[in-house]
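Engineer: Before I ask anything, here is the structure I am working with.
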Amino acid sequence: MLGVVASALGGPEVLRVAELPEPEAGPGQVLVRTRAVCVHPADVAATTGMIPGGPVPPPFLPGWDIAGEVAAVGPGTTEFRVGDRVVGMIPWYLTRGAPGGYAEFVAADAGWLVPLPDELDFVSAATVPLNAQTAHQGLALISPVGRLLVTGASGSVGGFVTQLAVRAGYHVLAQASHDDEEWVRGLGAHEVIPRSADLAPVAAVFDAVPLGEAAAAAVEDGGVVVATRPTPPIIPARGVRQEVQLIHLDRELLADLVGQVASGRLRTRVAATLPLAEAAEAHRRVLAGGLRGKLVLTLS
């Protein structure tokens, strides 16, 4: 099979298209024929070695979120059949590239996957697992408050946070990228704030960018800041609780979130698709920034 391998630690240039042995589905696993794999900043961080737990020795396969079809079923696996449409999250924090999603086939534990409703296409589905679960799990770290500031609301995690928080009863102030205010407003935000605006004090911040110090300055004393990666500590005397949301796979939650996207209750968006062989170009675009939605690698 074809896969895209990080041959060394470094920038996009270290990604190589390679012929790899096709994996086999072991006990409790299924073999997924990958149709779409989402490109995340976490993939870029993996190739540069800037990930929690330290660098992964190359070569390895990047890739967390996949959508595709079951090509084979391993011994003892009863949840899926050949031909089933599935979407899931490879827990890359555990697999560390063995396996990863940048490949034509993935031998995945059945517990990593959920059924993919017919109403949802492979490309859109691949944008859901890591982003929507991060949003839901991070929001659960914030007790219901009146006013919640979401940074990076134009992005995928911030967009899901905005939608989930509005539904949960928060008064959401969503910070939008330039010329992207309409998208964020369409997610239900009560107030849309340009990135250049001064941030008024709020009881809680979901720092999806993360901004770090600027987000800390916007939270009231005694409030809470949830960030998607470690940020500088806030002066203890302010009494601000800081939380770092690191994703963990929750299959029941994933199935629910995928169902909500399929039914239209949650929205996601795709900036562009590229063939798997152009993964290096996808990483370059992620590093350049300014994307409106996720980049997704596709396979025929």
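Engineer: Please indicate, with yes or no, whether at least one residue in segment 51-60 is outside any loop (DSSP other than H, G, I, E, B) and open to solvent by 40 Å² or more (accessible area, probe 1.4 Å). Don't jump to the end; show me each part of the working.
Structural biologist: Restricting attention to segment 51-60, the residues satisfying the condition of being outside any loop (DSSP other than H, G, I, E, B) are 60.
Among the residues that remain, those that are also open to solvent by 40 Å² or more (accessible area, probe 1.4 Å) are: none.
No.
Engineer: Which of the following residues is in contact (Cβ under 8 Å) with a residue 24 or more places away in the chain, buried (at least 16 other Cβ atoms within 10 Å of the Cβ), within 24 Å of VAL286 (Cα to Cα) and of a type in the set (D, E, K, R): ARG85, ARG96?
Structural biologist: Values: ARG85 fails: within 24 Å of VAL286 (Cα to Cα).
Only one candidate qualifies: ARG96.
Engineer: Another question, then. Looking at segment 18-30, is at least one residue in contact (Cβ under 8 Å) with a residue 40 or more places away in the chain, in a strand (DSSP E or B), over 30 Å from ALA208 (Cα atoms) and open to solvent by less than 20 Å² (accessible area, probe 1.4 Å)?
Structural biologist: Yes - at least one qualifying residue is present in segment 18-30.
Engineer: While we're on this one: For VAL106, only one of the following conditions fails: (1) buried (at least 18 other Cβ atoms within 10 Å of the Cβ); (2) closer than 22 Å to ALA272 by Cα; (3) touching a residue at least 40 places away in the same chain (Cβ under 8 Å). What is its number?
Structural biologist: (2)
Engineer: Take segment 265-284 and flag every residue that is touching a residue at least 24 places away in the same chain (Cβ under 8 Å) and either among the charged types (D, E, K, R) or assigned to a helix (DSSP H, G or I) (or both).
Structural biologist: Within segment 265-284, ARG267, ARG269, LEU276, ALA277, ALA279, ALA280, GLU281, ALA282, HIS283, ARG284 meet the criteria.
Engineer: Then there's this: For ARG284, are the conditions met, namely being surrounded by fewer than 16 Cβ atoms within 10 Å (Cβ to Cβ), within 16 Å of the chain's Cα centre (by Cα) and charged (D, E, K, R)?
Structural biologist: For ARG284, the condition - surrounded by fewer than 16 Cβ atoms within 10 Å (Cβ to Cβ), within 16 Å of the chain's Cα centre (by Cα) and charged (D, E, K, R) - is not met.
Engineer: Still on this structure, I have one more. Scan segment 144-181 for residues that are among the small types (Gly, Ala, Ser) and surrounded by fewer than 18 Cβ atoms within 10 Å (Cβ to Cβ) and report the count.
Structural biologist: As a first pass, look at segment 144-181 and keep what is among the small types (Gly, Ala, Ser): 146, 152-156, 158-159, 165, 168-169, 174, 176-177.
Among the residues that remain, those that are also surrounded by fewer than 18 Cβ atoms within 10 Å (Cβ to Cβ) are: 146, 168-169.
Of the residues in that region, 3 qualify.
Engineer: Moving on to the next point. Can you tell me which of ALA67, ALA107 is over 20 Å from the mean Cα position of the chain (by Cα), in a strand (DSSP E or B) and more than 22 Å from LEU287 (Cβ to Cβ)? Explain how you work it out, then say what you get.
Structural biologist: Values: ALA67 fails: over 20 Å from the mean Cα position of the chain (by Cα).
Going through ALA67, ALA107 in turn, the sole match is ALA107.
Engineer: Given (1) within 14 Å of the chain's Cα centre (by Cα); (2) at pLDDT 95 or above; (3) loosely packed, with under 14 Cβ neighbours inside 10 Å; (4) not hydroxyl-bearing (Ser, Thr, Tyr), where does ARG265 come up short, assuming only one miss?
Structural biologist: (1)
Engineer: Okay, moving on. Regarding MET1, is this residue without any contact (Cβ under 8 Å) to a residue 12 or more places away in the chain, surrounded by fewer than 24 Cβ atoms within 10 Å (Cβ to Cβ) and not acidic (Asp, Glu)?
Structural biologist: Details: without any contact (Cβ under 8 Å) to a residue 12 or more places away in the chain: no; surrounded by fewer than 24 Cβ atoms within 10 Å (Cβ to Cβ): yes; not acidic (Asp, Glu): yes.
It is false that MET1 is without any contact (Cβ under 8 Å) to a residue 12 or more places away in the chain, surrounded by fewer than 24 Cβ atoms within 10 Å (Cβ to Cβ) and not acidic (Asp, Glu).
Engineer: Based on what the data block shows, is MET1 closer than 14 Å to PRO129 by Cβ and in contact with a Leu (Cβ under 6 Å, 6 or more places away or on another chain)? Talk me through it step by step, then tell me what you get.
Structural biologist: Values: closer than 14 Å to PRO129 by Cβ: no; in contact with a Leu (Cβ under 6 Å, 6 or more places away or on another chain): yes.
Answer is no for this residue.
Engineer: Pairs, please: C-beta under 6 Å, at least 6 apart or cross-chain, first residue charged (D, E, K, R) and in segment 33-44, second open to solvent by less than 10 Å² (accessible area, probe 1.4 Å)?
Structural biologist: Partner pairs satisfying both residue conditions: ARG33/GLY68; ARG35/ALA67; ARG35/GLY68; ASP43/PRO62.
The values are calculated or read from the model by the stated rules, or taken from the named source; none is laboratory data. Everything numeric here is computed off the predicted structure, so don't read it as measured data. All Cβ positions, even for glycine, are placed from backbone atoms using ideal geometry, and neighbour counts span all protein chains on display. We work out accessible area using only protein heavy atoms, side chains counted, and drop any ligands, DNA or RNA first. Shrake-Rupley method; radii C 1.70, N 1.55, O 1.52, S 1.80 Å.
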